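In what follows, a single structure is set out as structure tokens and then discussed.
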Amino acid sequence: MGIIIKPIVTEKMTAETEKNNRYGFIVDRKANKIQIKAAVEQFYNVTVKDVNTMNYHGKRKSRYSKSGMLRGRMNHYKKAYVTLAGDDKIDFYANI
């Protein structure tokens, strides 16, 4: 799957999952909501009710080292929150 890069598994996202049946994913920056919905439905065999997306732009970072000041930036990425319909669930730990 080229659309879904990885799921977001944090304490905040776990609480959101338990409360609103909503899951978070890091997705391809060029993917739209229709493509994200189709990818999640195909990969996890669930019914998607709603998709919300956010674009994050990489922050500039700098740090000191022995060789002087190092400058760079974090990567840009796109986050998608997917709300599932009904009693559908996604188990990220089933394949471990």
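Derivation of every value follows stated rules applied to the coordinates shown; laboratory data play no part. A quick note: this is a predicted structure, and the numbers were derived from the prediction, not measured. Methodologically, a virtual Cβ is constructed for each residue, glycine included, from the backbone with ideal geometry; neighbour enumeration extends over all protein chains shown.
Among Ile5, Ala85, Thr17, flag the residue with its Cα farthest along the positive direction of the charge dipole of the chain, charges on Cβ as +1 for Lys/Arg and -1 for Asp/Glu.
Positive-end residue among those listed: Ile5.
Assigning unit charges at the beta carbon (Lys, Arg +1; Asp, Glu -1) and nothing else, what dipole magnitude in debye, to the nearest 20, does the range 4-84 show about its Cα centre?
740
Would you mind putting 11-22, 36-47, 63-74 in packing order, based on average other-beta-carbon counts within 10 Å, highest first?
Those peptides, ordered most packed to least, come out 36-47, 11-22, 63-74.
With the cut-off at 1.5 for a/c, could you classify the range 1-59 from its C-alpha gyration tensor as rounded, prolate or oblate?
The shape class here is oblate.
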